[in-house]
Amino acid sequence: MPESQRLYERIAQEIAEAIGRGTYAIGQRLPSERDLAQKFGVSRPTVREAMIALELDGLVDVRTGSGVYVTHSSPPAGITGERDIGTFELLEARRAIEGEACAMAAARITAAQLAQLGELVAEMRNENDHDVQLSEAADRRFHELIAQASENTAMIAAVEMLWDARLRSPQHRSMDAKVRSLGIKPRVDEHATILEALGRRDPDAARAAMRAHLTQVLAATFQATETEKLEEARAQLTEQRKRYALSA
């Protein structure tokens, strides 16, 4: 799909045009995420990524637990901002690709690489209490080292590309800041479970551990960026998770 045809971008553009026409006035709360998803025939993650794009353009204010409110009828900067891969698509791709990389690594990883992974888990545990950005850097090195242990250059390149996209994407950087502001940090115990499976040289367990970890990251990101009222969020949690199989 061409970059200009990203689904969340199309939704963001249509809502921006409606705001510009006055369909939604400044200060007005936009329809709920569920209603917009039904209106456009897309998933709630797609709507949420569209809201982040509109927020970056300065058109709306995304208030966790309250809703999305119109702030300007046109972008204050005069143009729309840069667009890139959305957070939920990125995490979905990581779950698929890194799960297989981890399975491959289980059969090929060296004792030295296992020791390095253990050091990175310890670093994440320590830095979670001191400097979350250092912990996140250790998190990236952990995942990239597993890809390297797969000894598959295409897999290594794919994993590195996905992590580079996290830094490049304005949408992901905005979403990541929201998640971090709520105190969510790298999940040390889940990384330890991945390491344990790799240490047993068990490809199936390693794949399952990596997929379970990234499923939990997806779930935490959904919950941390929920804009609906809390009672609505509880009622819609199962629906919210369907596309990405967050209940698995």
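Quick notes on this one:
- Cα long-axis angle, helix 188-199 against the chain (0 to 90 degrees, to the nearest 10): 40 degrees
- Neighbour net charge for residue 68 - beta-carbon separation under 9 angstrom, K R +1, D E -1: -1
- Lys/Arg +1, Asp/Glu -1 at C-beta; region 87-224 dipole; positive extreme among 186, 198, 88: 88
- Each 10 Å bin from zero holds the following percent of Cα-Cα pairs in region 3-70: 22, 61, 17, 0.
- Helix axis angle, 170-181 relative to the chain longest principal axis, alpha carbon, degrees: 80 degrees
- Residue 168 paired with residue 110, simple spin-label distance in nm, labels 7 Å along Cα-to-beta-carbon: 3.0 nm
- Relative to the Cα centre, the charge distribution of region 87-224, modelled as +1 at Lys and Arg Cβ and -1 at Asp and Glu Cβ, gives a dipole magnitude of about 240 debye.
- Cut-off 15 Å between beta-carbons: net charge of the residues surrounding residue 185, Lys and Arg +1, Asp and Glu -1: -4
- Residue-count net charge about residue 48 - beta-carbon cut-off 10 Å; Lys, Arg +1, Asp, Glu -1: -2
- Coarse-grained scattering of the chain at q = 0.08, 0.11, 0.13 Å⁻¹, given as base-10 log I(q)/I(0) from a Debye sum over alpha-carbon atoms: -0.34, -0.62, -0.83
- Three-way shape label, region 115-197, alpha-carbon gyration tensor, a/c 1.5: oblate
- Footprinting exposure proxy for 124, 155 (fewest neighbouring C-beta atoms within 10 Å first): 155, 124
- Angle in degrees between helix 111-127 and the longest Cα principal axis of the chain, rounded to the nearest 10: 40 degrees
Only the coordinates and a few stated rules stand behind these numbers; no lab work does. Note that the structure is a prediction, hence the values are computed from the model and not measured. Cβ coordinates were reconstructed from backbone atoms using ideal geometry, including for glycine residues, and neighbour counts include every protein chain displayed.
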